[in-house]
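Notes for the one structure printed next.
The values are calculated or read from the model by the stated rules, or taken from the named source; none is laboratory data. Keep in mind that this is a model prediction, so the values were computed, not measured. Cβ placement follows ideal geometry from the backbone for every residue including glycine, while neighbour counts extend to all protein chains displayed.
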């Protein structure tokens with residue numbers, strides 16, 4: 001298809017060239033030969049009357065005009081990709097799709113497991129892939145490589161829609177035989193013991209409990225940093241260490257691990273988890289179904305008040 005003499009198939013090639021600033025890497029992404037990609041670049045240069053990529057030593061740099069094309073081209077392709085996935089509202093029993101979700105193990109066990117159990121009978125043709133928060137990068141949502149991201153409400157992107165999914169309080173956990181803890185957890189004992197903390201995402205953003213402790217001048221001795229909340233609990237067992245985790249997750253751990261759950265010695269605001277999706281997928285009926293049922297699970301679990309369907 002051509003619009004104003006521009007072959008729209010060239011837009012995908014242009015997007016790859018703008019992203020990689022390299023013909024060889026763009027060709028690899030597009031599964032094209034390097035000569036074919038070079039020919040596409042020549043056609044794009046002719047159409048826009050701009051060199052787009054300029055060689056600087058051993059590398060290429062974008063022209064100012066090419067820089068101005070990055071967001072519009074990505075937006076057009078994102079809309080086109082979303083369009084190809086739209087279908088009329090249909091019976092969940094007939095929906096067929098793989099849904100990729102980014103979530104921590106805490107969110108996975110709290111709301112995703114109940115969703116998957118329900119979907120097995122109500123939407124049996126849907127399949128799910130869950131990726132950990134560690135390793136997730138926001139451009140993956142921008143490029144629609146993931147469908148839903150479940151993360152702290154304060155970390156959502158401002159230019160994509162999001163909704164609150166759950167709100168949960170924090171508690172402290174320790175090995176049931178930890179000799180340093182009496183009937184209650186004192187602030188003195190809390191500061192004396194080593195802490196096991198989850199290292200979520202890229203580790204650059206502090207967790208909510210860390211922010212609360214620092215704001216109140218409470219110094220913790222960090223003994224271990226581990227990649228998941230489950231690993232936090234495993235590392236507490238058999239040691240004198242302590243950890244701060246969401247209360248609902250701790251209750252589940254108590255069923256299988258010899259742990260004590262205690263009130264934190266200082267106040268920590270509730271953890272708020274939001275779900276976010278690409279703005280061009282707001283009307284996708286399959287994702288609407290997934291979002292609506294995730295909210296229903298959260299309501300049933302007591303994390304949300306009853307809501308009107310979105």
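Looking at (1) modelled with pLDDT of 95 or more; (2) surrounded by 19 or more Cβ atoms within 10 Å (Cβ to Cβ); (3) outside any helix (DSSP H, G or I), which is the one condition that is false for residue 128?
Condition (2) is where residue 128 drops out.
Condition test on residue 257, is it in a loop (DSSP other than H, G, I, E, B) and under 25 Å from the mean Cα position of the chain (by Cα)?
No.
Exactly one condition in (1) surrounded by 18 or more Cβ atoms within 10 Å (Cβ to Cβ); (2) part of a helix (DSSP H, G or I) is not met by residue 121; state its number.
(1)
Test residue 176 against the criterion of being in contact (Cβ under 8 Å) with a residue 12 or more places away in the chain, surrounded by fewer than 17 Cβ atoms within 10 Å (Cβ to Cβ) and out of contact with any helix residue (DSSP H, G or I) (no Cβ under 8 Å at 6 or more places or on another chain), and give yes or no.
yes
Determine whether residue 304 is under 30 Å from residue 92 (Cα atoms) and either assigned by TED's automatic domain parsing to the domain that holds residue 177 or over 18 Å from the mean Cα position of the chain (by Cα) (or both).
For residue 304, the condition - under 30 Å from residue 92 (Cα atoms) and either assigned by TED's automatic domain parsing to the domain that holds residue 177 or over 18 Å from the mean Cα position of the chain (by Cα) (or both) - is met.
In segment 48-68, what residues are part of a helix (DSSP H, G or I) and loosely packed, with under 15 Cβ neighbours inside 10 Å?
64, 65, 67, 68
Which residues, taken from segment 179-200, are touching a helix residue (DSSP H, G or I) at 6+ places or on another chain (Cβ under 8 Å) and either assigned to a strand (DSSP E or B) or surrounded by 14 or more Cβ atoms within 10 Å (Cβ to Cβ) (or both)?
180, 181, 196, 197, 198
State whether the residues of segment 147-158 include one that is surrounded by fewer than 14 Cβ atoms within 10 Å (Cβ to Cβ) and touching a residue at least 40 places away in the same chain (Cβ under 8 Å).
yes
Scanning for something under 30 Å from residue 75 (Cβ atoms), out of contact with any strand residue (DSSP E or B) (no Cβ under 8 Å at 6 or more places or on another chain), part of a loop (DSSP other than H, G, I, E, B) and touching a residue at least 40 places away in the same chain (Cβ under 8 Å), does segment 271-281 turn up at least one residue?
yes
Looking only at segment 28-37, how many residues end up being surrounded by 15 or more Cβ atoms within 10 Å (Cβ to Cβ) and touching a helix residue (DSSP H, G or I) at 6+ places or on another chain (Cβ under 7 Å)?
Qualifying residue count, segment 28-37: 3.
Among the numbered conditions (1) surrounded by fewer than 17 Cβ atoms within 10 Å (Cβ to Cβ); (2) assigned to a strand (DSSP E or B); (3) touching a helix residue (DSSP H, G or I) at 6+ places or on another chain (Cβ under 8 Å), tell me where residue 222 comes up short.
The one condition residue 222 does not meet is (3).
Could you identify the single residue in 309, 285 that is at pLDDT below 90, touching a helix residue (DSSP H, G or I) at 6+ places or on another chain (Cβ under 7 Å) and within 26 Å of residue 129 (Cβ to Cβ)?
Exactly one of 309, 285 is at pLDDT below 90, touching a helix residue (DSSP H, G or I) at 6+ places or on another chain (Cβ under 7 Å) and within 26 Å of residue 129 (Cβ to Cβ), namely 309.
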